[in-house]
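Quick notes on the structure that follows.
The values are calculated or read from the model by the stated rules, or taken from the named source; none is laboratory data. The model shown is predicted, which means the values in this text are computed figures rather than measured ones. Ideal geometry is used to build each Cβ from the backbone, glycine not excepted, and the neighbour counts take in all protein chains shown. Quick note on the areas: whole protein, heavy atoms, side chains included, nothing else; ligands and nucleic acids left out. Shrake-Rupley method; radii C 1.70, N 1.55, O 1.52, S 1.80 Å.
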Amino acid sequence: MSCPVGRERDDEEGKGLHYLEYLKIPELLNLQQPLSKSAENPNGVHDEHLFILMHQVYELWFKQILHELDSIMNIMTADFLDESLMLVINSRTSRIVVILKIVVEQIKVLETMTPLDFLDFRHYLSQSSGFQSLQFRILECKLGIRDDLRISYGGSTYKSAFSDDRHRSAAEQLEQATKNPSFLTLVDRWLARTPGLDGEFQFFDKYSKAVREMLAEMKDEAKKETSLSIRNRKLKDHETQTKFFKQLMDVEEHASLVEKGQRRLSHKATQGALMVALYRDEPRFQPAYHFISSLMDIDSLLMQWRNNHSLFVQRILGDKMGTGGSSGYRYLRSTVSDRYKVFLDFFNLSSYIIPRWHIPKLTSEMKDTLGAYFTADGEKRRAGGGESHHSGAEKD
Ligand code: HEM
């Protein structure tokens, strides 16, 4: 290697570290060992090599994703988040998103394998199945998929894949991942601390008032409509929206939705997310908004992965059972569901976004709190040069 690390590692003969040793390439290339290999067929069944290699590539990407996620969670575990670290958090979250995009696409390589070719070696797999991917389960648990929302099959849970003595260490790692606060919990705690929820500004009171005004306006507009069919449609729309907003305004109703698994975030964190979404142009909220968008990307991409994998399994297995004992395609298809979306609330948030002209104005104190100020010619100036029209400071 030509990097400084290589030079430090020069051996007695002055030879630097070699690419092959640093990256352990011989060991890596020796890890694909088709079970179909035999004296008569030393390379094994042709497609088994691809099958093994593809799984290993996925596992390596899962490893890198967990590496990034652990570091983000470490930063977010603190009682308060040093906002200068938002750049690191956002870069690493974006990296997870880019990896997931590759992971989603990569199934296309496996799709070149036909059902007939797969059957040439499937019997060697015995009961081994992606259902036993420890890293995938750790990732799901760390992100915060709720156990009670998972789809089980034949009374088995994902934990049963590691219940025998041989996999005690795997079971322990999984247990640890479920015990620690999940990424979702850390995101919840962070959002619940959003500036402006408490103190002088009291965002949610102002927002609730704005919603009531907006709904009253909607109703007035509907009543003015001369066409009966349009009026009825508008009144119906008003009724649905009123019901919807009530779910957000009523803390107890929100708690019951959390209980049922239809909401994941606490009420306070939901308020925080809403505030970030509405005032996203404010300098301090910009990185937070970016972060929330990336979290939705993670959910969308994992959902795409589940979808692509289940379609692929249907293509290659039809309605046959999986080697892990599930119904195969039908089980996998049922996991392509909101039950498996960790950041579901961010998707739902769009229902509560109100038009710009209804968004409560920020007070000058809030502008100060959320703005990035710098001094030029002895004057305090606002970064960005001006007020955005929906979040201009309230005239006190
Ligand atoms: C020929 C290729 C593949 C087939 C036929 C296949 C089939 C299946 C089936 C039938 C299941 C359901 C569990 C079972 O009964 O076994 C499953 C689960 C799973 N597979 Fe695959 N799979 C393939 C490739 C892959 C690859 C490349 C990965 C990447 C790591 C993967 C990861 C998983 C995971 C993580 C699960 C658990 C999903 C869940 O429970 O939500 N599979 N697979």
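Of the residues Ala192, Ala216, Ala170, only one is within 24 Å of the chain's Cα centre (by Cα), over 30 Å from Asp79 (Cβ atoms), modelled with pLDDT of 95 or more and open to solvent by less than 70 Å² (accessible area, probe 1.4 Å); which?
Working: Ala192 fails: over 30 Å from Asp79 (Cβ atoms); Ala216 fails: within 24 Å of the chain's Cα centre (by Cα).
Residue meeting the stated conditions: Ala170.
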Original post:
Of the residues that sit in the stretch 223-239 and are open to solvent by 70 Å² or more (accessible area, probe 1.4 Å) and among the polar types (S, T, N, Q), which one is farthest from the chain's Cα centre (by Cα)?
Top reply: Thr226
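For residues that are more than 29 Å from Asp338 (Cα to Cα), near the ligand (Cβ under 8 Å from one of its atoms) and among the aliphatic types (A, V, I, L, M), tally how many sit in the stretch 103-162. I'd like the intermediate steps shown before the answer.
Keep residues of the stretch 103-162 that are more than 29 Å from Asp338 (Cα to Cα), which gives 112-126.
Now drop any that are not near the ligand (Cβ under 8 Å from one of its atoms), which leaves 113, 118, 122.
Now narrow it down to the ones that are among the aliphatic types (A, V, I, L, M): 113.
Result for the stretch 103-162: 1.
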Subject >> Residues being among the charged types (D, E, K, R) and open to solvent by less than 50 Å² (accessible area, probe 1.4 Å) - total across the stretch 50-81 >> reply: 1
Original post:
For the stretch 253-260, does any single residue satisfy the condition of being closer than 16 Å to Ile353 by Cβ, away from the ligand (no atom under 16 Å from the Cβ), open to solvent by less than 30 Å² (accessible area, probe 1.4 Å) and at pLDDT 95 or above?
Top reply: no
**OP:** State whether one or more residues within the stretch 83-97 are part of a helix (DSSP H, G or I) and in contact with a His (Cβ under 8 Å, 6 or more places away or on another chain).
**Re:** yes
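So how many residues does the stretch 196-213 have that are outside any helix (DSSP H, G or I) and open to solvent by 40 Å² or more (accessible area, probe 1.4 Å)? Let's see the steps before the verdict.
Let us first name the residues in the stretch 196-213 that are outside any helix (DSSP H, G or I), namely 196-202.
Now drop any that are not open to solvent by 40 Å² or more (accessible area, probe 1.4 Å), which leaves 198-200, 202.
Adding up the residues that qualify gives 4.
Limited to the stretch 330-353, what total is found for residues that are near the ligand (Cβ under 7 Å from one of its atoms) and either open to solvent by 40 Å² or more (accessible area, probe 1.4 Å) or in a helix (DSSP H, G or I) (or both)? Let's see the steps before the verdict.
From the stretch 330-353, those near the ligand (Cβ under 7 Å from one of its atoms) are 331-332, 335; that's our starting set.
From what is left, the residues that are either open to solvent by 40 Å² or more (accessible area, probe 1.4 Å) or in a helix (DSSP H, G or I) (or both) are 331-332.
Qualifying residue count for the region: 2.
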Subject >> Sole exception among (1) touching a strand residue (DSSP E or B) at 6+ places or on another chain (Cβ under 8 Å); (2) of a type in the set (D, E, K, R); (3) within 16 Å of the ligand (Cβ to nearest atom) for Asp319, by number >> reply: (1)
Original post:
Which ones in the stretch 311-325 are open to solvent by 40 Å² or more (accessible area, probe 1.4 Å) and within 26 Å of the chain's Cα centre (by Cα)?
Top reply: Leu311, Gln314
Original post:
How do the pairs read when you match residues in the stretch 117-129 that are open to solvent by 40 Å² or more (accessible area, probe 1.4 Å) with residues anywhere that are of a type in the set (Ser, Thr, Tyr) and near the ligand (Cβ under 9 Å from one of its atoms), using Cβ under 6 Å and keeping only pairs 6 or more apart or on different chains?
Top reply: Gln127/Thr323
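Out of all the residues in the stretch 149-159, is one or more part of a loop (DSSP other than H, G, I, E, B), on the phi > 0 side of the Ramachandran plot, free of Cβ contacts under 8 Å to residues at least 40 places away in the same chain and within 29 Å of the chain's Cα centre (by Cα)? Write out each step before concluding.
Of all residues in the stretch 149-159, those part of a loop (DSSP other than H, G, I, E, B) come to 150-152, 154-155, 157.
Next cut, on the phi > 0 side of the Ramachandran plot only: 154-155.
Keeping just the survivors that are free of Cβ contacts under 8 Å to residues at least 40 places away in the same chain gives 155.
The next check asks that each one be within 29 Å of the chain's Cα centre (by Cα); those that pass are 155.
Yes: the stretch 149-159 contains one or more residues that are part of a loop (DSSP other than H, G, I, E, B), on the phi > 0 side of the Ramachandran plot, free of Cβ contacts under 8 Å to residues at least 40 places away in the same chain and within 29 Å of the chain's Cα centre (by Cα).
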